[in-house]
Structures are given as C-alpha cells and as structure tokens.
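For reference, the structure is listed below as structure tokens.
None of the figures in this text is laboratory data; all of them are computed from the coordinates on show. Since this is a predicted model, take the numbers as computed values, not measurements. Cβ sites come from the backbone with ideal geometry, for glycine too, and all protein chains shown count toward neighbours.
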Amino acid sequence: MFLGANVTPPVIHPTTNFVNHTFSTTVVPHIHPVHTTTVNHHMFQHKHYCPHTSSCCEDVCNQHVNCCNPCAPGGMPAANAMPGFGMGMGAAGFGPGPFMGPRP
C-alpha cells in the first residue's frame, strides 16, 4: 500500500436494484365437450297401382229353321220335343230359339 496516504471514509451510494424476472407455466385444462348426432332419414314411398283387366264374352244362340217344306202346317217342332235334339227347356238360359214351335 501507499505509505502516508490519506484514506477518507467510503462514500456509500444508494443501492442499485436489479430485477430478475422468472416465469413458469401452469397448464389449466378447459374441457368443452362437443357431440355430433347423425340422423339418417329414410322415406318409404308406398306406390299403389291398380292394374285393370277386361274380358269379353260371347252370347251364342242357335236357330233351327225348317227349309224343307215351309208351307207345312206346324213347321218344325220345338227342340225339347225331339228326343236327343237340342238342349231342351231345362238348361239354364237355353231353350228353343225364336221362331221355333208352331206357327200361328
């Protein structure tokens, strides 16, 4: 050191402050539930059809005319008067045709 040097008391200055920042992270879970519903729509179309049929029937009549002797009295007898000839009067819807039987 220096011999004979005068040393004064120290001059104290105000403290200089340094701020040291530290950071930490805390995770806070926030749960937001989401739900999706899929709705499947199915349409049944009931289509009604009305098929139409038609039919035809024939009504057949037979007439027996005596052409052998048109002037003969009485003409040809009725169909049921001759055995084994024609349908007769008993069959449903059938009988002697018009102009059959005795003439007036």
Report summary line: Result of the Cβ filter at 9 Å on region 46-61, keeping first residues that are touching a residue at least 12 places away in the same chain (Cβ under 8 Å) and assigned to a loop (DSSP other than H, G, I, E, B) and partners that are among the aromatic types (Phe, Trp, Tyr) and surrounded by 10 or more Cβ atoms within 10 Å (Cβ to Cβ), at least 6 apart or interchain, is CYS61/PHE94
Query raised in the report: Within the group ASN40, ASN6, which residue is in a loop (DSSP other than H, G, I, E, B), more than 60 Å from the chain's Cα centre (by Cα) and exposed (fewer than 10 other Cβ atoms within 10 Å of the Cβ)?
Result: ASN6
